1. What ranking do 567-575, 19-27, 450-458 get when scored by the average of other Cβ atoms within 10 Å per residue, highest first?
2. In nanometres, what is the gap between the two model label sites at Arg233 and Gln522, each 7 Å from Cα along Cα-to-Cβ?
3. Mind ranking 348-358, 92-102, 226-236 by how tightly packed they are, going by the mean number of other C-beta atoms within 10 angstrom, highest first?
4. Report the net charge of residues surrounding Gln331, where surrounding means a beta-carbon distance below 13 angstrom and charges are Lys +1, Arg +1, Asp -1, Glu -1.
5. Suppose R0 equals 56 Å; then what is the FRET efficiency for Ile568 and Leu12 from their Cβ-Cβ distance, rounded to the nearest 0.05?
6. Nothing charged except the Cβ atoms of Lys and Arg (+1) and of Asp and Glu (-1): what's the magnitude of the dipole of region 354-476 about its Cα centre? Round to the nearest 20 debye.
7. At a 10 angstrom cut-off on C-beta neighbours, averaged per residue, how do the peptides 331-339, 434-442 rank from highest to lowest?
Amino acid sequence: MARRPLLSGDMLPLLLRLWRDWLRPHAGTLAVVLVLIAVIGAATGFYPTLIKAAFDAFDAKDAGALAYGPVLVIAVTAVRGFALLGQTVLTNRVVTRIEADMQAALYGHMIEQDLAQLGRESPASLTQRFTTDFAFIKEALTRISTVLLRDVAMLVALVCAMIWMDPWLTIVAGITVPFIAGPIARIGKKLRRVSTSTQEQVGATASLISESLAGARVAKTYGLEGYLKGRTRDALDEVRRLKMKAANARGRLDPLLEVGGGLAVAGVLAFIGQRILSGEKTVGDFTGYVAALLLAAQPARALGNLNAILQEALAALSRTFALMDEAPTIQEKPGAQPLRVAGGEVRFEGVRFRYRDDAPALEGIDLTVPAGRTTALVGRSGSGKSTLLSLVPRLYDVTEGRVAIDGQDLRDVTLSSLRRAVAVVSQEVVLFDDTIAQNIAFGREGASRDEIEAAARAAAAHGFITAKAEGYDFRVGPAGNRLSGGERQRIALARAFLRDAPILLLDEATSSLDAESEQLVQEALTRLMRGRTTLVIAHRLSTVRDADLIVAMEGGRIAETGTHAALIARGGTYARLHRLQLADDREPASAVQAS
């Protein structure tokens, strides 16, 4: 089997990129670290020669050695100690800064990615990149300074001292190095492979745990605790198996290094012992040389373990850079112009869209959404309503055809101007763990407190907000869990009022609310829709009967369009949906009467 060097061809591009993008800005601090490392190496190499000189002086009955010997030892160790402290402090400063900068850059890239790209991995799996992967990267960056640089400097200084004291003895001590280098490289190769699998499995397990905890209500209702515990136990056991595999591989390094070191010391003892007995060498020669050999054991052992740590970090670094390098598919054209909204007419012309090659979602959509009017999209689940809505703010791009606002192809305008022209209120309200005021203020950057409160009043939210002790400074909790569903929805509406966008997208905004909350939200929605181009998806057809245009969809196509009265009279898709919903609404009442 071919040996894998410490810095193999596939590692070098990763390490060069790490230097170019992240380490080079700290070149000044790293230069100081290198100076301190040189001081540490020189002091370490001087130490055994000082011991040899002291023992030679004692052997020669030099009384002065008792005076200057201890002072020199204290001076050398003090210099080495303070250099070690400075190097550790500066290394930690650089490493923690690089870690934070890389995490911020990775998050910035991920939040800019398209929904389709983000959807390939669960949020828990993506979050795991910031913990497990960066733990490996941080450890490697630290070890590069403390091992690859400092310990190499120490080892070079000690080897130089050993050569100076006895070059032939140094050759004897170094005979074992080629025999242990090959196995160490092979162990490193295996560790990189296992580490990649472990990091992927940890991400999958984090996703599984997050998913099951989020579905705790359903799990308890359907008695799925046993199934979920078994599934999680299997996933955790796979993580354990991979970690054991890595630990066992790392565990083979210590015996290799121990045996190699033992063989080196044994060879030195046999060789130097024979030369002392023959009178060729002194006890000082023996003491100084063995001191150097023992001091060299620690950095040599650290370098032996470094390859394993580098392999694990490079697996994490490879995953991180691969994610950073994935360019968003939704991008602005060079020279894109700001969107100019006159009336706000939205046109879908020959639109086809596929999430994947084998998953057509929209086929041949030709639709004009009149400016300043309300257009309702109705149809069964999976008919393409939400997908059509998502094309307007360019959350996805059409596969064929085009979407235009006031005649401007959305792919020809800047993303920022397009999204400023659109407000979205959906069934799944997204609130961030911040104050109510801040969650409303996300609707428009730089909004004043008066504008925020005016938007809340328009959304029928001011009353419940001011009833709270903290008022607008009340923190909503993670995902808004300190508020009821109706309260969260009205905050989302206030955000849309504050945005004051000419185009409004409503995706089943009232479907999950109780009757009282639904009435309040519906009244606020009516005010919000007035004078805006509105595309609305409604679960209850009764909420869209007054729409200016109703579009019935089936299988990713438009089945029919018209007003409520015209579509009922036609007796087609919309009329069938309407009859089914009327039957569903009557059924509970019939059941009550029967009981």
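1. Numbers: 567-575: 16.6, 19-27: 13.7, 450-458: 18.8.
Ranking, from highest mean packing down: 450-458, 567-575, 19-27.
2. 5.0
3. Output ranking for 348-358, 92-102, 226-236: 92-102, 348-358, 226-236.
4. Values: positive: Lys333, Arg394, Arg411; negative: Glu112, Asp114, Glu326, Glu332, Asp397, Asp412.
Around Gln331, the charge tally is -3.
5. 0.20
6. 240
7. Numbers: 331-339: 12.6, 434-442: 20.8.
Descending mean neighbour count gives 434-442, 331-339.
Laboratory data are not the source of any read-out in this text; all were calculated from the coordinates shown. Here the structure is a predicted model, which is why all the values come from computation and not from measurement. Here Cβ is always computed from backbone atoms with ideal geometry, including for glycine, and neighbour counts include all displayed protein chains.
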